[in-house]
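J.: Provided herewith is a single structure, encoded as structure tokens, for subsequent inquiry.
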Amino acid sequence: MAVPKAVAPASVAASAPTDAPSSPDAAREAPKPTAPVPRRAAGDMKTVQVRINKQGWRALRDLASDNDTSLEALMVEALNDVLLKNQRPPIVQRRVGERGQEREE
């Protein structure tokens, strides 16, 4: 799991200078930093992130536009094609809800 940007590794935090008093009472009263809460997909959905070159991204964006669909829909189709290619059932589904639906125009 990656370390969130807002939280420094323990070795860096331990070497950082502090202006806080060194008394034991002051350490108990000081607020402890909290780790950021990661965003989660709803229900049993997972997020997949992939990095691709600009030329490939532009080609996919144009294909989605030409087919009047979204990049997400293209990716779900591609993932199901990989499953079929490897003799597995095509069970990848798109998320549903406000941000998971195609817009009606």
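J.: Of the residues in segment 42-57, how many are open to solvent by less than 90 Å² (accessible area, probe 1.4 Å) and either at pLDDT 95 or above or β-branched (V, I, T) (or both)?
T.: 2
J.: So L60 clears everything in (1) hydrophobic (A, V, I, L, M, F, W, C); (2) at pLDDT below 95; (3) in a helix (DSSP H, G or I) except one condition, right? Which one?
T.: (2) is the only condition that L60 fails.
J.: Turning to a different aspect of this structure: Give the residue, chosen from R99, R39, R28, that is more than 23 Å from the chain's Cα centre (by Cα) and either at pLDDT below 80 or open to solvent by 80 Å² or more (accessible area, probe 1.4 Å) (or both).
T.: The match here is R28.
The values are calculated or read from the model by the stated rules, or taken from the named source; none is laboratory data. All values derive from a computational prediction rather than experimental measurement. Keep in mind that these areas ignore ligands, DNA and RNA; they rest on the heavy atoms of the full protein, side chains included. Shrake-Rupley method; radii C 1.70, N 1.55, O 1.52, S 1.80 Å.
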